[in-house]
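Peer 1: There's a structure below that I have some questions on.
What follows draws every value from the coordinates through simple rules; no lab data is involved. Nothing here was measured: the structure is a model prediction, and the numbers come from that model. Using ideal geometry, Cβ is built from the backbone for each residue, glycine included, and neighbour counts are taken over all protein chains shown.
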Amino acid sequence: MQQLRKPRRFVLAMAAAAALAVGLGAAPARAADNPYERGPAPTTSALDASRGPFSVATENVSSLVSGFGGGTIYYPTTTSAGTFGAVAISPGFTARWSSLSWLGPRIASHGFVVIGIETNTLYDQPGSRGDQLLAALDYLTRQSSVRTRIDATRLAVAGHSMGGGGSLEAARTRPSLQAAVPLAPWNTTKSWSTLRVPTMILGGESDTIAPVASHSIPFYTSIPAASEKAYLELNNASHFFPQSVDTYTGRMAVAWLKRFVDNDTRYDQFICPGPSSVSISDYRNTCPLS
């Protein structure tokens, strides 16, 4: 269902080459021929752990950079696994990156370069936060000291509240992004019918600041199914569920990023049919994934 992107075209080409090799009597290509696959085969326990398989280092970004308010970079320390996809994450209205900082090393330890941004002001609206997320990705891939560790064709955005609304703005503005993960997103725009980036929205059933009935659910519904999308709603969760360590937020965010930034189909099992638990009040998706 997803529009073909560079990684997928490569996989299709490799599949065709494998079929030809079989016809010629050569050994068939293996799933590991996906050049973006990073890390061992995933398990639920591995995704739910506080850290993934990669050791992570951090680097601070000055507030004097152009386009956003600085922040913190988290990156895998290995230089032998090839380049990694990258993710920019924005906090919400009046919040700083520290409110979401658990997500930085959590996601990076599964094989991503992550930048958690500070916004230019605490009161920036979703449109501005979307622009700042894109500026942070540009900084990561063009100027940062870790730019050589990043594959600039495999980028994603995420954020909480107005930062989540900003991630939708960024994904609509830059359709070359590979994934978006809005967390309890808030935005006055309700229709995202022109969004083409694979998007997983996580909402809280008891959110009174960005109620799912007027934010997360209409956002999800309006995104075209051809873009690939999923919606997970946490039972009884408030607007602030991303601001503390949460099993399903960590698990599903990583699974979505691995699936669409790394094109790693080993993570399909966590998305389709998706989690089943008393902790989940709603789960929707476009399965099967194409």
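Peer 1: Under a Cβ-only charge scheme (Lys and Arg +1, Asp and Glu -1), can you give me the dipole magnitude of the chain about the Cα centre, in debye to the nearest 20?
Peer 2: So the magnitude is around 660 debye.
Peer 1: Just order 131-137, 156-162, 231-237, 45-51 by mean Cβ neighbour count inside 10 Å, highest at the front, would you?
Peer 2: Values: 131-137: 24.7, 156-162: 31.4, 231-237: 20.0, 45-51: 13.4.
Descending mean neighbour count gives 156-162, 131-137, 231-237, 45-51.
Peer 1: Something else now. Hey, got the dipole for region 133-224? About the Cα centre, +1 on K and R Cβ, -1 on D and E Cβ, debye to the nearest 20?
Peer 2: Working: 8 positive and 5 negative charges, 80 e Å.
Charge dipole of region 133-224: 380 debye, to the nearest 20.
Peer 1: Oh, and also: Applying the Karplus parametrisation 6.51 cos²θ - 1.76 cosθ + 1.60 with θ = phi - 60° to the phi angles of region 148-162, what ³J(HN,Hα) value in whole Hz is obtained for each residue in order, glycine and proline being reported as x?
Peer 2: Listing the rounded values in order: 6, 8, 10, 8, 5, 8, 10, 10, 8, 9, 7, x, 10, 6, 5 Hz.
Peer 1: Per-residue HN-Hα couplings for region 278-290, Karplus 6.51 cos²θ - 1.76 cosθ + 1.60 at θ = phi - 60°, whole Hz, x for Gly and Pro?
Peer 2: Result, rounded to whole Hz: 5, 7, 10, 8, 7, 8, 10, 7, 9, 4, x, 6, 9.
Peer 1: Can you list residues whose amide H is under 5 Å from T286's amide H, if they're 5+ apart or on another chain and H is modeled 1.01 Å from N?
Peer 2: K229
Peer 1: Then there is this: Counting pairs of alpha carbon atoms under 8 Å apart in space and at least six apart in sequence, what relative contact order in percent does the chain give?
Peer 2: 17 percent
Peer 1: How tilted is helix 6-23 with respect to the longest principal axis of the chain? Cα atoms for both, answer in degrees (0 to 90, nearest 10).
Peer 2: 20 degrees
Peer 1: With a ≥ b ≥ c the root eigenvalues of the C-alpha gyration tensor of region 78-128, is it rounded (a/c under 1.5), prolate (a/b larger than b/c) or oblate?
Peer 2: Note, shape of region 78-128 comes out prolate.
Peer 1: Along each of its three principal axes, how wide is the spread of alpha-carbon positions in the chain, in whole angstrom units, largest first?
Peer 2: That gives 62, 40, 35 Å along the principal axes, largest extent first.
Peer 1: For a protection proxy built on the mean count of beta-carbon atoms within 10 angstrom, sort 190-202, 210-222, 103-115 highest first, please.
Peer 2: The peptides rank, most packed first, as 103-115, 190-202, 210-222.
Peer 1: Near L202, within a Cβ-to-Cβ distance under 10 Å, what is the net charge of the other residues, with Lys and Arg +1 and Asp and Glu -1?
Peer 2: -2
Peer 1: Taking H as built 1.01 Å from N, whose amide H comes closer than 5 Å to the amide H of G203, not counting residues under 5 places away?
Peer 2: A184, L232, E233, L234
Peer 1: If we count every other residue with Cβ under 15 angstrom of A213's Cβ, Lys/Arg +1 and Asp/Glu -1, where does the sum land?
Peer 2: Values: positive: K190, R284; negative: E205, D207, E233, D282.
Value of the local net charge: -2.
Peer 1: Have a look at A49, F112, M200 and report the one farthest towards the positive end of the charge dipole of the chain, computed about the Cα centre with Cβ charges (Lys/Arg +1, Asp/Glu -1).
Peer 2: Value: F112.
Peer 1: Residue separation times 0.36 nm, minus the C-alpha to C-alpha distance between A225 and R96: what's the value?
Peer 2: In short, 43.1 nm is gained.
Peer 1: Turning to a different aspect of this structure: Once amide H atoms are built 1.01 Å from N in the peptide plane, which residues 5 or more positions from V56, or in another chain, come under 5 Å H to H?
Peer 2: Result for V56 returns T77.
Peer 1: Looking at the chain, what % of its DSSP beta bridges pair antiparallel, to the nearest 5?
Peer 2: Values: 15 of 39 bridges.
DSSP beta bridges in the chain are roughly 40 percent antiparallel.
Peer 1: Sticking with this structure for a sec: Beyond 12 Å, what share of the Cα-Cα pairs of region 45-88 is found? Please give it as a whole percent.
Peer 2: Pairs farther apart than 12 Å: 71 percent.
Peer 1: Which percent of the Cα-Cα distances in region 151-234 go past 14 Å?
Peer 2: Summing the P(r) tail past 14 Å for region 151-234 gives 55 percent.
Peer 1: Let me ask something additional. How much length, in nm to one decimal, is gained on full extension between S277 and Q143, taken as 0.36 nm per residue of separation minus their Cα-Cα distance?
Peer 2: Using 0.36 nm per residue and subtracting the Cα-Cα distance, I get 43.9 nm.
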